[in-house]
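First up is the structure itself, then whatever we jot down about it.
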């Protein structure tokens, strides 16, 4: 018995006839003609007199088609995490044990006993960051590569996160074996090193930080134990300010004292101020004037005068050395604090970012941001006092929460030593002044 349906030929010989997917033949398609992606369904006309064996054949056919052509449920494919939590934890614990042995301060042993088996995503990311940072510190300290070769090497490493982490593991493993060769208690933290270690340990005990900042400082202490060229604080600050992952990093007292030591006397220059700004007589504060037509009376265009954005710069600029000042922005909703190079444009509503010669931190509509290209939004509470640290020779401008002593952001650049870099400020608020407190 033959039966045609939907362009397929089915043959039923008896009640026990089986139907498989191989019995299906698709209608011939003429390749010279345009083929459609869908075909009209041809429903066979079945009457009540249709034999039962035909109905059974259709049921078997449907089951066979389902088994042959069904698409299995696919699991969501997750990218391989090259930073295994167990691996990271083992690296940290092993390294901590060796550091504890060579250091005359057995504090890491008790800390690793409380090391969590499981951590939040943020804690895992922190572990990964420190491991990569330590490997980079070791490489910078122990290997002498010329700048060009080093940049090429880094760019190759960054192209593959797994390769980068594997290299970091090897560097730390090799160094751990070198630590085994050092005598027990051979490194003795003194002076600022000991004081800073005490500060970090105190923060850990109070639950304000993890074991990692403590280990980070101990590693620096060991690395710099034979170096007399520079202080550990200076080397540590320089390294951390170059890193992009130190937003919110707490600065210990001894390091903070070193940062704030080169205090600059910053006096605002009213000759550069936008006519809509009111600069105090002592040059230490500014606020926006109430709107009025007299604000611009007698205005004369100058290249050095802001006539678009409500900004002003300091009288004195710097082309060498390091300088630090603080700005009180308590309860203010809008401000701009940073530095500007002498040759940067100041007229009109120009874009004020690193591309045009401005290195600024800004609060706008409740959002704290670094004016990079493009803008970098900072997920931090709004500070009440900003500390600005400018180092011309090292090529960076760093911003700190001067009350909580936390790092906010650092711009790294190469300053042209032939032109001055000026502190600059801006606000549109008329009620609360911006005050230079240093």
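Report note on the peptides 213-220, 105-112: ranked by the mean count of other C-beta atoms within 10 Å, highest first, their order is 213-220, 105-112.
Within region 366-394, list the residues whose amide N lies under 20 Å from a label point set 7 Å along Cα→Cβ of residue 343. Of the residues in region 366-394, 373, 391-394 have backbone N under 20 Å from the label point off residue 343. Spin-label model, residue 188 to residue 330: label points 7 Å out along the Cα-to-beta-carbon direction sit 4.5 nm apart. Residues 187, 265, ranked from the fewest to the most other C-beta atoms within 10 Å, line up as 265, 187. The listed peptides 419-430, 338-349, 92-103, ordered by packing as a protection proxy, come out as 419-430, 92-103, 338-349 (highest mean of other Cβ atoms within 10 Å first).
Subtracting the Cα-Cα distance of residue 404 and residue 173 from 0.36 nm times their residue separation leaves 79.6 nm of extension gain. Computed extension length for residue 428-residue 351: 26.0 nm, one decimal, from 0.36 nm per residue of separation with the Cα-Cα distance subtracted. Could you tell me whether region 331-412 comes out rounded, prolate or oblate from its Cα gyration tensor? Rule is a ≥ b ≥ c as square roots of the eigenvalues, rounded for a/c under 1.5, then prolate if a/b exceeds b/c, otherwise oblate. Taking the square roots of the gyration eigenvalues as a ≥ b ≥ c, region 331-412 is oblate.
Remark: spin-label model distance residue 418-residue 234 equals 2.8 nm, labels positioned 7 Å along the Cα→Cβ axis. Each pair of Cα atoms in region 270-436 enters the Kirkwood radius, and Stokes-Einstein at 10 °C and 1.306 mPa s then converts it into a translational diffusion coefficient of 99 µm²/s.
Distance between the C-alpha centres of region 363-438 and region 256-294: 15 Å, rounded to the whole angstrom. Using the Cβ-Cβ distance between residue 195 and residue 297 with R0 = 41 Å, the FRET efficiency computed as 1/(1 + (r/R0)^6) comes to roughly 0.10.
Each value in this text was obtained by applying a stated rule to the coordinates, not by laboratory testing. Predicted, not measured: the structure shown is a model, and the values here were computed from it. Here the Cβ is made from the backbone with ideal geometry for all residues, glycine too, and neighbour counts use every protein chain on show.
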